[in-house]
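The values are calculated or read from the model by the stated rules, or taken from the named source; none is laboratory data. Since this is a predicted model, take the numbers as computed values, not measurements. Please note: Cβ atoms are built from the backbone with ideal geometry, for glycine as well, and neighbour counts cover all protein chains shown. Accessible surface areas use protein heavy atoms only, side chains included; no ligands, DNA or RNA. Shrake-Rupley method; radii C 1.70, N 1.55, O 1.52, S 1.80 Å.
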Amino acid sequence: MSPPAPNLTPSLAQRLAAADRRLRRLCLGLGALVALLFCLSLAIGPAPLALFGDLTGTGEQAALARAILLEIRLPRAALGLLIGAALGLSGAALQGLLRNPLAEPGLIGISATAALGAVAVFYFGLAGAFALALPLGGLAGAAAAVTLLYGLAGREASALTLILAGVAVTSLAGALTALALNLAPSDYAALEIVFWLLGALTDRSMTHLWLAGPFILAGCGLLLATARPLEALALGEDTARSLGVSLPRLRALAIGGTALAVGASVSVSGAIGFVGLIVPHLLRPLIGHRPAHLLPASALGGAALVQAADIAVRLIPTAQELKLGVLTALIGAPFFLHLLRQTRRAMR
């Protein structure tokens, strides 16, 4: 009589439970780190910490402390949290959708066209005309990217076709941005556009937060809704269809969510690159490749990375404060080259 077959179900259940525990521990740790960095962002700046000793008083010093906290540092810290979460989450979602470890919002043209929309607002002098001009310009640019993507690739496009269409859209947006700089009506206007394109959270107010925040949150909600379908897609397109996943709907959710979240982010912060590329790769060794685990963790990781980088630009001793987008590029470019080398070795 042959021995009974081993029961694999408890082992699988144990592995899944262990993965869930790792996710909870990691998210708790990242959440605590984000909270700590948020508090540090409120505390660090050129004004002495003694200003925050009495925020509830009635004197001139207390009024100054409240103004610095509520009008300068709070919107900067909150935008860093939201923008970082949007970039990390969109990077993880696009890597799952395109099944490409090098994917991020810039790969499909959304970052470049959102930047172009905001540059157009600066170019035509609309930024000072009404408060909604800049975020609406960024969102219009992101919407144009989605329209061009679907126009070039179609709703049933493969991942490779989407990537190639994204490269074409990025090139076009970059060329039009360069044209706007070349034809800028004054040197001051050109310099303003260049500084904005470098990416930063300085001089942002609560108005920027209230305008961009709802769009970022809506985009993040759409991206989180792709977690389960992306898990099915990881098994292959045919398997995903057999499990009832609508691939056109999944692409619409992922690309539309990225357009909303990243378009609104770029419209208030400028171009902050490589966050969506770095964060998922740092987290996969800790929690695995499941999108249901990776997406929320990437949102927290992106928020932590952007807030840490924004604190770093305030602490680095330079004549002028280093731009946030410059620092993330200095970190991200070597990381990108390292990923390329790893990918090349894996293909041998």
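Worth pointing out:
- Close pairs (7 angstrom Cβ cut-off, 6 or more residues apart or separate chains): charged (D, E, K, R) in the stretch 230-243, outside any helix (DSSP H, G or I) anywhere: 231/290
- Test: residue 127 is touching a Leu at 6+ places or on another chain (Cβ under 7 Å) and either free of Cβ contacts under 8 Å to residues at least 12 places away in the same chain or part of a helix (DSSP H, G or I) (or both): yes
- All positions within the stretch 176-186 that are open to solvent by less than 70 Å² (accessible area, probe 1.4 Å), in a loop (DSSP other than H, G, I, E, B) and either in contact (Cβ under 8 Å) with a residue 60 or more places away in the chain or hydrophobic (A, V, I, L, M, F, W, C) (or both): 184
- Among residues of the stretch 20-62 being open to solvent by less than 60 Å² (accessible area, probe 1.4 Å) and at pLDDT below 75, the one that is farthest from the chain's Cα centre (by Cα) is 59.
- Boolean, residue 318 is among the polar types (S, T, N, Q) and surrounded by fewer than 20 Cβ atoms within 10 Å (Cβ to Cβ): yes
- Per-region count, the stretch 69-104, residues crowded, with 24+ Cβ neighbours inside 10 Å, part of a helix (DSSP H, G or I) and at pLDDT below 85: 0
- Matching entry among 263, 273 (being small (Gly, Ala, Ser), within 13 Å of residue 83 (Cα to Cα), surrounded by 24 or more Cβ atoms within 10 Å (Cβ to Cβ) and under 14 Å from the mean Cα position of the chain (by Cα)): 263
- Residue check, residue 222 within 15 Å of residue 110 (Cβ to Cβ), in contact (Cβ under 8 Å) with a residue 24 or more places away in the chain and not aromatic (Phe, Trp, Tyr): yes
- Filter pass, residue 125 being modelled with pLDDT of 85 or more and either open to solvent by 50 Å² or more (accessible area, probe 1.4 Å) or not aliphatic (A, V, I, L, M) (or both): no
- Meets criteria (open to solvent by 10 Å² or more (accessible area, probe 1.4 Å) and in contact with a Pro (Cβ under 9 Å, 6 or more places away or on another chain)) for residue 208: yes
- Among the numbered conditions (1) closer than 15 Å to residue 219 by Cβ; (2) at pLDDT 90 or above; (3) open to solvent by less than 30 Å² (accessible area, probe 1.4 Å), the only one that residue 173 does not meet is (1).
- Cross-chain or 6+ apart pairs with Cβ under 8 Å, the stretch 140-166 first and closer than 17 Å to residue 106 by Cβ, then open to solvent by 50 Å² or more (accessible area, probe 1.4 Å) and of a type in the set (D, E, K, R): 159/99
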